[in-house]
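The block underneath contains the structure these notes are about, expressed in structure tokens.
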Amino acid sequence: MISVEGLKVEFGVRPLFSEVSFVINSRDRIALVGKNGAGKSTLLKILCGQERPSSGNVAVAQDVAIGYLPQVMNLQDSTTVREEAQKAYGDIRQLQRRLEQMQQQMAERNDYESDSYMQLVERFTQEHERYLMMAPEAQEAEMERTLVGLGFERADLDRPTREFSGGWRMRIELAKILLRRPDVLLLDEPTNHLDIESIQWLEQLLATWSGAVVLVSHDRAFINNVSNRTLEITCGHVEDYRVKYDEYVVLRRERREQQQRAYENQQKEIQDMRQFIERFRYQATKAVQVQQKVKQLEKVVPIEVDELDNAAMHLKFPPCLRSGDYPIICDEVSKAYNHLVFDHVNLTIKRGEKVAFVGKNGEGKSTLVKCIMGEIPFGGTLKVGHNVQIGYFAQNQAQLLDESLTVHQTIDRVARGEIRLRINDILGAFMFGGEASDKKVKVLSGGERSRLAMIRLLLEPVNLLILDEPTNHLDMASKDVLKEAIKAFDGTAIIVSHDREFLDGLVSKVFEFGGGQVREHIGGIYDFLQSKKMQELNELERSRKTAAPAEAPRKSKDAAPTAEAAPAGASAYAAHKEQQKQIRKAERAVEESEKKIAKMEQRLKELDELLMVPANASDMTLVGEYTSTKEALDEEVERWEQLSESLEQLTS
């Protein structure tokens, strides 16, 4: 679908990357990874044509449509959510207008047997068939499903977009891209403004996407659940791993160990050659050998080793006073603006607990945090315990930094004791290594300021941590450093986050915000998500059980069943039994198809490895098997999609 060959990008003296070549195939789910500043966003912009490389080619197959979601967009404020989303169907609207014009021309003309009239009829027929394939009658329903999946309520669809925050408007742009159904999706940090439910919905959508997906994300669970291939930008080039993200992490570690061994061996050889040259430089009898060593040394191509992950680094919060047994107690707490945010909130957080606040955006998570901090008035009683010292990371925390200081000075002012000797290591772990530590705060981007505020908080002596979306601007290595620091923290922590991987193993209790209430769930984040699914199934069962007795009051207790009643019940049972039989049959067909796909994908992987060996490159038997297996795989994937659609219709 897209072929990249010999790509090179230069911004300064050293290229961002060079000699980059790869192919994006249909149904590829590519996770584009690399450290911050490696060029991930730049590569996405080049793939969609927004930027041009210094050299190299990007070839896009004919009729391949590309959808691109950048991190930052210019959003419109003059329309409703529905009207903005309908812009996704602009191509269909244009096609509809063309059909109307052609229809009018055919009605006005009477030269029915002329060549031009026949050409007009043929063109109209082709365009009309294309229009019907786009299923215009299903557009409204599809648009609503997509917007609701991304967290909007149906009542929101007719509200002006200017009433929504930037994060919600970004969701509208994502919805427009998904509704266009492009052949290739390029997504740059799509989960930054989504809640957990919307992230899971997007995961499921991308898993069944008919085209290719290339995404950049620091949400480890998200990219692992979506990806089947990983492209890593490292040391100025791209490494292609044909595996999902978790498997890539293992392979990358092994590859780096090999690189390190090769680097050490090369350094030993270089040292030996230099010692030989220095030792025999002035001996005439060794002049020839010295010259040979000099030439060998000049021809050595230095082996580059991927930069070490800083995730192995450990931070520990400085010691602090012991707080009371119950740092936070809420008793009938309520808050309303023009509408009710939450009411009758009763919760107790014990000393040492690490809890998560989760729920859709706008349900009151940050509002309750502000109540705890005393920033806004509220109803009810909220008690902050004895000796509680709060460390608070708000979403706007970056705005409170002193702009006249450098990055290093900002941290140096709060660091105490031995930790001051490790300031440079800490800054490096949060992507402020080298010259970046000398930057003034006033020139930092919003994301950089957020990271700096997070480091500052890590070094302050507190016994209650309140973190509101702490991972939004952190890469995976930085998130690991933060997670380990919180796990080792002796105090209490309240974490507002949508990042499942970050919360996993970190929190032991989840408070769910929704519908004006706050519900407590004991267990980790995945326990909570599992219980939510079970809860929905239980509610469905209850609704089915209560539906039948609703008819009972219409008949007296002593009334005998009519002749028609029994057959109706029997036929309903038979129909239900037949439907269950069809569902089981469809499930088996889908499962068998998935097994075939997995088997063929495994064989293609084996053939890939064999064909990478130079001796096998011209083996036509292997090439022929690869081609036939690839064709069979494409057919089976298409069959799987049809079977999955049939199963979905049966179960809906």
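Points to keep in mind about this one:
- Number of positions in the stretch 182-221 that are farther than 26 Å from Val60 by Cα and modelled with pLDDT of 90 or more: 0
- The stretch 152-163 - residue that is open to solvent by 20 Å² or more (accessible area, probe 1.4 Å) and either in contact (Cβ under 8 Å) with a residue 60 or more places away in the chain or part of a helix (DSSP H, G or I) (or both) and, of those, nearest to Ala141 (Cα to Cα): Arg154
- Looking at Thr230, Thr234, Thr146, just one residue is among the β-branched types (Val, Ile, Thr) and at pLDDT 90 or above, and that residue is Thr230.
- All of Met102, Met1 fail the test of being in contact (Cβ under 8 Å) with a residue 60 or more places away in the chain, over 30 Å from Phe432 (Cβ atoms) and of a type in the set (A, V, I, L, M, F, W, C), apart from Met1.
Every residue, every condition in (1) in contact (Cβ under 8 Å) with a residue 40 or more places away in the chain; (2) open to solvent by less than 30 Å² (accessible area, probe 1.4 Å), yes or no:
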{"position": "Lys350", "(1), (2)": "yes, no"}
{"position": "Glu353", "(1), (2)": "yes, no"}
{"position": "Val358", "(1), (2)": "yes, yes"}
{"position": "Leu368", "(1), (2)": "yes, yes"}
{"position": "Gly374", "(1), (2)": "no, no"}
{"position": "Phe378", "(1), (2)": "yes, no"}
{"position": "Val384", "(1), (2)": "yes, no"}
{"position": "Asn387", "(1), (2)": "yes, no"}
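- Selected residue (criterion: farthest from Cys371 (Cα to Cα)) from residues of the stretch 435-484 that are of a type in the set (D, E, K, R) and over 26 Å from the mean Cα position of the chain (by Cα): Glu435
- Cβ-Cβ contacts under 6 Å between residues 6 or more apart (or on different chains), taken from a first residue in the stretch 319-343 that is without any contact (Cβ under 8 Å) to a residue 60 or more places away in the chain and under 30 Å from Gly515 (Cα atoms) to a second residue that is in a loop (DSSP other than H, G, I, E, B) and open to solvent by less than 30 Å² (accessible area, probe 1.4 Å), are listed as Tyr326/Gly385.
- In the stretch 247-277, residue nearest to the chain's Cα centre (by Cα) [restricted to those that are basic (Lys, Arg) and within 26 Å of Val33 (Cα to Cα)]: Arg252
- Screening the candidates Glu578, Glu648, Glu631 for the property of being of a type outside the set (S, T, N, Q), in a helix (DSSP H, G or I) and at pLDDT 75 or above yields one hit, Glu631.
- Meets criteria (open to solvent by less than 40 Å² (accessible area, probe 1.4 Å) and assigned to a loop (DSSP other than H, G, I, E, B)) for Leu206: no
- Members of the stretch 595-611 found to be within 13 Å of Lys630 (Cβ to Cβ) and basic (Lys, Arg), listed by number: Arg603, Lys605
- For Arg52: the one exception among (1) modelled with pLDDT of 85 or more; (2) over 28 Å from the mean Cα position of the chain (by Cα); (3) open to solvent by 70 Å² or more (accessible area, probe 1.4 Å): (2)
- Residue ranges of helices (runs of 4 or more DSSP H) in the stretch 32-121 with at least 2 members under 30 Å from Val249 (Cα atoms): 40-47
- Test: residue in the stretch 479-491 that is assigned to a strand (DSSP E or B), open to solvent by 20 Å² or more (accessible area, probe 1.4 Å) and touching a Lys or Arg at 6+ places or on another chain (Cβ under 7 Å): no
- Some residue of the stretch 83-98 being free of Cβ contacts under 8 Å to residues at least 24 places away in the same chain, farther than 21 Å from Arg159 by Cα and open to solvent by 100 Å² or more (accessible area, probe 1.4 Å): yes
- Take the conditions (1) open to solvent by 60 Å² or more (accessible area, probe 1.4 Å); (2) at pLDDT 80 or above; (3) over 30 Å from Glu203 (Cβ atoms); Asp111 misses just one of them, which is (1).
- Some residue of the stretch 369-390 being under 30 Å from Asn192 (Cα atoms) and assigned to a strand (DSSP E or B): yes
The values are calculated or read from the model by the stated rules, or taken from the named source; none is laboratory data. Bear in mind the structure is a predicted one, so any value in this text is a computation, not a measurement. In this analysis, Cβ positions are derived from the backbone assuming ideal geometry, glycine residues included, and neighbour counts consider all displayed protein chains. Surface areas here come from the heavy atoms of the whole protein model, side chains and all, with no ligands, DNA or RNA. Shrake-Rupley method; radii C 1.70, N 1.55, O 1.52, S 1.80 Å.
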